[in-house]
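Here the structure comes first, spelled out in C-alpha cells, and everything after it is commentary.
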Amino acid sequence: MKSGAPKGSRNLAATESRIPPAPESLCESSCVTSSGSREISQRAIRRAVSPSCLDGPVTKSPWRSRVIRSSAVVAALGAGAVGAANVWIRVAASGRIVAAEDAPEWPVVVVLGAQVENTWPMAFLAGRLDMAAQLVHAGKARVVLVSGNGSGESGDEITAMTEYLVSKGIDRAKIVGDPLGLRTYDTFARAMHVFGIDRALVVSQGFHVPRAVALCREVGLDAIGVNGGCDCSARSLAKNRAREWLLARPKAVLDILFLDSPTVTSPPSDAVALALL
C-alpha cells in the first residue's frame with residue numbers, strides 16, 4: 001500500500017484549490033464573475049463606486065452647504081429689501097394720485113422723459129404727453145416742464161417732447177425743457193432747486209407715478225400724480241411693471257438714502273417763472 005493522503009482527501013484538496021478565495025467585502029464581490037475570474041467589468045466598476053461600497057457614511061461637502069446657506073440668506077435679504085421699498089413707495093404716494101378731472105389747478109405739470117424713436121416719442125412717452133396736453137387744455141396747468149435726457153441713447157428727448165406737445169396745440173412759449181433730468185430723482189431735485197418749482201402735477205404711467213410722487217415728497221416738492229395712458233402691448237406693460245417693482249423702486253430708496261443732489265447741478269433758471277407770465 002502506498003503511503004500518503006487518501007485518494008478522497010487529495011481530490012478534495014484539488015477541488016478547493018480551484019475555488020477562488022472569498023471576497024473581502026461586498027465591493028470586491030461585485031468584481032468576481034460567474035466563472036470565478038477577477039475580470040473587472042463596467043458593471044463592477046459602477047458598483048465599486050456606489051455609496052453602498054463606501055467605508056463609512058456618505059456626507060455632503062461642507063463647502064457646498066455653506067454656499068447653499070449663503071445663497072438662501074442673500075435671496076431672503078433681497079426679497080425683504082424689494083418688499084420694503086414697495087411698501088415705502090405705496091405709503092409715501094398714498095392719497096396723492098388722482099384722475100385728470102380731479103387734479104387741482106396748479107401752475108406747472110412735469111412730464112418725465114422716456115424713449116424716443118426717429119425724433120418722436122414712443123408709446124410710453126406719448127401717453128404722458130397726451131395727458132399733459134389734456135391738463136393744460138382743461139386749465140389744470142399753465143406751463144409744462146419736460147424733463148429728460150437731451151442726449152439719450154434713443155435721441156433728444158426734450159426736442160421730441162416739445163414738438164409733440166406743439167402738435168397737440170400747446171403754445172411753445174409755455175413749454176420749458178430740462179435736458180439734464182437724467183433720472184427721476186434728478187428731475188424733481190432740479191425742478192425745485194434750478195427752476196424754483198415748489199408744487200406741481202406729475203404725469204407718468206400708473207406703475208411709475210407712485211415712485212415719482214414719493215421722490216417729489218422726499219426732495220421737498222409738493223406733488224400730485226396723474227396717470228398717463230399708454231397704447232402699449234401687454235408684454236411691454238408687464239416688462240415695465242416688473243422692472244419698476246423689482247429694480248426701480250429699491251433703487252429709489254438708495255437714492256433717498258445716499259444722494260443729496262442731482263447728477264448734474266446748474267445755476268437757478270427763471271425759465272418757468274417767465275413762462276407763467
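The values are calculated or read from the model by the stated rules, or taken from the named source; none is laboratory data. These numbers were taken from a predicted model, which means no experiment stands behind them. Cβ sites come from the backbone with ideal geometry, for glycine too, and all protein chains shown count toward neighbours.
For the stretch 85-121, the set of residues classified as touching a Ser or Thr at 6+ places or on another chain (Cβ under 8 Å) and either of a type outside the set (Gly, Ala, Ser) or over 11 Å from Glu157 (Cβ atoms) (or both) consists of Val110, Val111, Leu112, Gln115, Val116, Glu117, Thr119, listed by residue number.
Just checking, which of Leu254, Leu259 is among the hydrophobic types (A, V, I, L, M, F, W, C), within 17 Å of Ala212 (Cβ to Cβ) and without any contact (Cβ under 8 Å) to a residue 12 or more places away in the chain?
Selected residue: Leu254, the only one of Leu254, Leu259 that is among the hydrophobic types (A, V, I, L, M, F, W, C), within 17 Å of Ala212 (Cβ to Cβ) and without any contact (Cβ under 8 Å) to a residue 12 or more places away in the chain.
Screening the candidates Thr187, Thr162 for the property of being modelled with pLDDT of 85 or more, in a helix (DSSP H, G or I), of a type outside the set (Asp, Glu) and under 19 Å from Ala123 (Cα atoms) yields one hit, Thr162. When residues in the stretch 147-160 are screened for being in contact with a Phe, Trp or Tyr (Cβ under 9 Å, 6 or more places away or on another chain) and crowded, with 24+ Cβ neighbours inside 10 Å, 2 of them pass.
Please tell me if Asp255 is farther than 29 Å from Lys140 by Cα, in a helix (DSSP H, G or I) and of a type in the set (Asp, Glu). Answer is yes for this residue. For the stretch 192-205, state whether one or more residues are within 30 Å of Ala234 (Cβ to Cβ), in contact (Cβ under 8 Å) with a residue 60 or more places away in the chain and not aliphatic (A, V, I, L, M). So far as the stretch 192-205 goes, yes, one or more of its residues are within 30 Å of Ala234 (Cβ to Cβ), in contact (Cβ under 8 Å) with a residue 60 or more places away in the chain and not aliphatic (A, V, I, L, M).
In the stretch 177-194, the qualifying residues are those that are among the hydrophobic types (A, V, I, L, M, F, W, C) and surrounded by fewer than 24 Cβ atoms within 10 Å (Cβ to Cβ), and the one that is farthest from the chain's Cα centre (by Cα) is Val194. Filtered by the rule that a residue be farther than 16 Å from Thr184 by Cβ and either in a loop (DSSP other than H, G, I, E, B) or among the charged types (D, E, K, R) (or both), the stretch 207-240 gives Asp222, Gly229, Cys230, Asp231, Cys232, Ser233, Arg235, Lys239.
When the criteria are applied in full, Cys27 meets the requirement of being at pLDDT below 55, buried (at least 17 other Cβ atoms within 10 Å of the Cβ) and in contact with a Leu (Cβ under 9 Å, 6 or more places away or on another chain).
Give the stretch 258-277 a look and list any residue that's at pLDDT below 90 and in a loop (DSSP other than H, G, I, E, B), or say none. Within the stretch 258-277, Leu259, Asp260, Ser261, Pro262, Thr263 qualify. One residue stands out among those in the stretch 165-184 that are at pLDDT 95 or above and of a type in the set (A, V, I, L, M, F, W, C): the one that is farthest from Thr119 (Cα to Cα), which is Ala173. The residues in the stretch 78-134 that are closer than 22 Å to Asp186 by Cβ and assigned to a strand (DSSP E or B) can be counted, and the count is 8. For the stretch 225-255, residues that are of a type in the set (A, V, I, L, M, F, W, C) and under 26 Å from Val176 (Cβ atoms) total 4.
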